[in-house]
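Structure, as structure tokens:
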Amino acid sequence: MTAAGPIVSVLLALGVTALFLTAGGYSASSAFSVMWSYGIQTNSLVSSLNNAVPLYLAAVAGAFAVRMGLFNIGVDGQYRMAALAGAVAAASLPFPLAIRLPLTLLISCAVGAGWALIPALLKIHRGVNEVITSILLNAIATTIVAVLLSGVFRSGGGQNTGTAMIDDAGLMPALPGIGTGQGAVSSFVVVALVAGIVYYLVIERSVFGYSLRVAARSPEAAESAGIRVDRKIVQAMLISGAIAGLVGLPHILSVSGRFDGTLPTDLMFTGLAATLLGRQHPIGMALGAFVLAFVERSAQVLGLVQLPTEVGQVFLAVVLLSSAVGYWLTERADARLALTLALRRRVRAARDSVTPTPPSSTPTEGAAR
């Protein structure tokens, strides 16, 4: 059941993408062959791995909220605000790399958590759905970032404006011995690995994670057991926002060297697809993020062979939809399977508890007479 949802989602996405190509008069097999040949090249695999890092961080951020029964749709605004703060901090802090880099990460996490705190407080104090408030906060964050970038933190003239450039003492170095230049693997892979380990230990191996799951499944039972559901909502959103604050830093500290118009957008929905595709498991989300990044990278070559580059977008959209439906179906299947097994155990226990009554060997008084 755990593997059924992701497998069905990917197969359904491939099928719909093939229909899309066939309806447009293209050969689906040729398109998939070209994408595969281009995607398995060394530079493409490195690029897919680097692009999967922010998707994985967005998936982990969304998973923390989903474990509490929440949907943090505000990851986009949270990582924009955090990326701007991180870029300014990395360019202005007068410290060496060993001190400046951790401070940059902490500042970005704090800004992301602070922006995620707003929908959490509105939910527990006013009952406003976090999906609505977080979506609205995305637009507000975009406006705030645009205003600050055009005025307070603007550096340079012309159309391509951005924050001040970050020197080498503030940039994230590449992993040593694995590629060079644009073909190097970003050391943010280590940050993503640490985030996945922390997520697993907190959710699966701690009292906090257990209480979080209890509060999500049955708020009334959690309250009766002494678990403050409102407090868990705030804590889950704070952690989710803190992880979301790291999503934009791989581009800032490893690619552009500052915050400008090249920052990737809409990483939230692709990360949510990885969350649902991986069923909130750290390894599953990592595989889902890499698959999505691989498809996005592979689709770039289609324009060179006169095939529609929208193939990648269609695949990602269908994966997002089918993973949500597949997650719902597998959850229902898991519940039905658990109920069936429980009923079978009860029936078996009832049969074992009933012992047959031995026949009486003593003749009755009437029969004796």
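Each reported figure results from applying straightforward, stated rules to the coordinates on display, with no laboratory input. This one's a predicted model, so the numbers in the text were calculated from it and none came from an experiment. Note that we place each Cβ from the backbone using ideal geometry, even for glycine, and neighbour counts take in every protein chain shown.
Among ALA289, LEU337, GLY278, which residue has its Cα furthest toward the positive end of the charge dipole of the chain, with +1 on Lys/Arg Cβ and -1 on Asp/Glu Cβ?
LEU337
Run the numbers for LEU45 and ILE132: contour at 0.36 nm per residue of separation, minus the present Cα-Cα distance, in nm. Kindly include the intermediate steps, with their values, before the conclusion.
Numbers: separation 87, 0.36 × 87 = 31.32 nm, distance 3.69 nm.
Contour length minus the Cα-Cα distance gives 27.6 nm.
Principal axis lengths of the range 166-258 from Cα atoms, whole Å, largest first?
So the three principal-axis extents are 57, 25, 18 Å.
Indicate the gyration tensor shape class of the range 22-141 (rounded, prolate or oblate), computed on the Cα atoms with a ≥ b ≥ c the square roots of the eigenvalues: a/c under 1.5 is rounded; otherwise a/b larger than b/c is prolate and the rest oblate.
Oblate, since a/c reaches 1.5 and b/c is not below a/b.
If I model a spin label at PHE32 and ALA169 as a point 7 Å from the Cα along the Cα→Cβ vector, what separation in nanometres do I get?
Label at PHE32, label at ALA169, 5.4 nm between them.
Express the C-alpha Rg of the range 227-268 as a ratio against the empirical globular expectation 2.2 N^0.38 Å, rounded to two decimals.
1.60
Taking a ≥ b ≥ c as the square roots of the Cα gyration tensor eigenvalues, with a/c under 1.5 meaning rounded and otherwise prolate when a/b beats b/c, else oblate, which class fits the range 79-201? Show your work: numbers first, answer last.
Values: a/c = 2.21, a/b = 1.31, b/c = 1.68.
Oblate shape, in that a/c is at least 1.5 and b/c is the bigger or equal ratio.
Compare the peptides 56-63, 82-89 by average per-residue count of other Cβ atoms within 10 angstrom and give them in order, highest first.
56-63, 82-89
Within the range 250-292, what residues put their amide N at less than 14 Å from the label point 7 Å along the Cα-to-Cβ vector of TYR200?
Inside the label zone: 280-287.
By how many nm would the segment from ILE99 to THR309 lengthen if fully extended, with 0.36 nm per residue of separation less the alpha-carbon distance?
71.3 nm
Please work out whether the range 251-318 counts as rounded, prolate or oblate from its C-alpha gyration tensor, where a ≥ b ≥ c are the square roots of the eigenvalues and a/c under 1.5 means rounded, while otherwise a/b larger than b/c means prolate and anything else oblate?
oblate
How do 184-191, 19-26, 344-351, 282-289 rank on mean C-beta neighbours within 10 Å, highest first?
282-289, 184-191, 19-26, 344-351
Put one equal scatterer on each alpha carbon of the range 1-89, apply the Debye formula with no solvent term, and list log10 I(q)/I(0) at q = 0.20 1/Å to two decimals.
Those come out to -1.10, one per q.
Given the rule -39500 (n - 2.57) for each run of at least 4 DSSP H residues, summed and divided by the residues of the chain, what is its mean residue ellipticity at 222 nm, to the nearest 500 deg cm²/dmol?
-23000 deg cm²/dmol
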